[in-house]
């Protein structure tokens, strides 16, 4: 009679490999995604002033859905509203009609995205190889990977790419072509770079490749259906993108690589640093222009995905799971990788015209490596467990298999702060609450990063702020540059008339100052030093002992203050000082 531990190991083996446990595998995958999303949800609602970093860009302007009087004539709000896809904004508009704050909904959406990604990745993995542990491992690994970065928690359009791309890959892999084209359309609305990847997958199906040794050939496929679906996908995406691009033209054109190379914003320490990276970082491992995401092998268990080809060769004939991977899904995954790399190269060749090259590989590589890792890990488990003869089980191998399963599921326990969501806490509640009591058209001018949180937390406009100084559309960013230089010139002017003229032309009601704003080193900040020559001139003025007029008015015109900043009233600044008694 077999020992109890052997029987227990055999039961666990059946749970992992027996297709009858398909539903249990799917339920565990979805539950795992829900737990990760639930942890993020708890963090999102951990305080009154909590917001995800990127959600500030995509969320604050949608408060106009609740109150149309907010953010009127706000340059930043108009820009963000124009570049935000309508299909993305639609659920927030609908929620606002029943009184739900868009910023609150943004905190809830990641939970549903996490569940959706977990379920769809499980379905795709099952289509590829119908083994319960393979599908579960692929889903769990993708969930872990995505919750170790802040894409899903951002609720931004890029967060929706994962479920849409997963839906496209499954639908196209099983040739449910109407569904696949629907996913292409949604991707075109939500994230044009990934619509391009989906279309590249369709295009690659129109090619015929012969890779036999000595007979390498590339030609066109005669399958008319492939050409038809490629044409429909491309035509539909263009029809969707043209109106969207036309709507953003007032803030265009997109910056060119030649112009970007002359700007501090695109060099080291800048808002969108690109060009000061070394060769390896620029092309492969850095940021924005890199081929491989920095966190591609996070968690480290994704290494099984890189070893998949070797594991398949290692697997001998006659193993219990000798049925092959679904060739249609395999081809689709390969086309995903090839298409992503091709578009990455095209984005480099036309830098910024197709946005950032890394956008074409980040999401697709994470999906591909998680799917491959699920299969690779299963092959290792299969070897460790051996055959089904209970009398031939090896304790050490059985224990190794169980340990591998524990590591797969419990890996996040080793990661401090999991899930890594990018949520930040607004630390200036007295500022937000003060501004909330001011008229809805109140405008604050500032060089401080404290101003980043005024639009989402106080629901009031800022003249400009570092978080919203996005340099890719020249029509938008040239106005931000003008405002920043004008603010620097006025903040450090010794002439009262210059300050008053700036207040009149900007329409500012309050001026937010950091307490160290009049120290020369203040202008060495990576953001503020971008705006030349104004920053250099102001710094030289301070280093020479100059005293800005605004500095002399801080005590007289402070409306509210904190240990690191003070808010000055523009009305007070414009009024002449009372005569001394």
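The values are calculated or read from the model by the stated rules, or taken from the named source; none is laboratory data. If you're wondering where the values come from, they're calculated on a predicted model, not measured in any experiment. Positions of Cβ are backbone-derived with ideal geometry, glycine not excepted, and every protein chain shown enters the neighbour counts.
Numerical summary
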quantity	calculated
The range 28-48 residues that are touching a residue at least 12 places away in the same chain (Cβ under 8 Å), paired with ones that are surrounded by fewer than 19 Cβ atoms within 10 Å (Cβ to Cβ) and part of a loop (DSSP other than H, G, I, E, B) (beta carbon under 8 Å, 6 or more apart)	39/418
Condition broken by residue 439, with the remaining ones in (1) surrounded by fewer than 23 Cβ atoms within 10 Å (Cβ to Cβ); (2) in contact with a helix residue (DSSP H, G or I) (Cβ under 6 Å, 6 or more places away or on another chain) satisfied	(2)
Helices (runs of 4 or more DSSP H) completely within the range 23-97 that count 1 or more residues being surrounded by fewer than 20 Cβ atoms within 10 Å (Cβ to Cβ)	75-83, 86-97
Qualifying positions in the range 139-150 - crowded, with 24+ Cβ neighbours inside 10 Å and either assigned to a loop (DSSP other than H, G, I, E, B) or within 8 Å of the chain's Cα centre (by Cα) (or both)	147
From 164, 136, residue being within 16 Å of the chain's Cα centre (by Cα), modelled with pLDDT of 95 or more and in a helix (DSSP H, G or I)	164
The range 445-456, residues that are within 21 Å of residue 570 (Cβ to Cβ) and either part of a helix (DSSP H, G or I) or out of contact with any helix residue (DSSP H, G or I) (no Cβ under 7 Å at 6 or more places or on another chain) (or both)	446, 448, 449, 450, 451, 452, 453, 454, 455
Which numbered condition residue 499 fails, given (1) surrounded by fewer than 20 Cβ atoms within 10 Å (Cβ to Cβ); (2) over 33 Å from the mean Cα position of the chain (by Cα)	(1)
In the range 254-287, residue surrounded by the fewest Cβ atoms within 10 Å (Cβ to Cβ) [restricted to those that are in contact with a helix residue (DSSP H, G or I) (Cβ under 6 Å, 6 or more places away or on another chain), closer than 16 Å to residue 355 by Cβ and in contact (Cβ under 8 Å) with a residue 60 or more places away in the chain]	271
Flag if residue 284 is modelled with pLDDT under 90 and assigned to a helix (DSSP H, G or I)	no
Within the range 519-581, helices (runs of 4 or more DSSP H) holding 2 or more residues that are touching a strand residue (DSSP E or B) at 6+ places or on another chain (Cβ under 8 Å) and buried (at least 16 other Cβ atoms within 10 Å of the Cβ)	554-557, 570-574
Residue within the range 347-362 that is touching a residue at least 12 places away in the same chain (Cβ under 8 Å) and surrounded by fewer than 16 Cβ atoms within 10 Å (Cβ to Cβ) present	yes
The listed residue being surrounded by fewer than 17 Cβ atoms within 10 Å (Cβ to Cβ) and at pLDDT 85 or above, out of 415, 375, 333	415
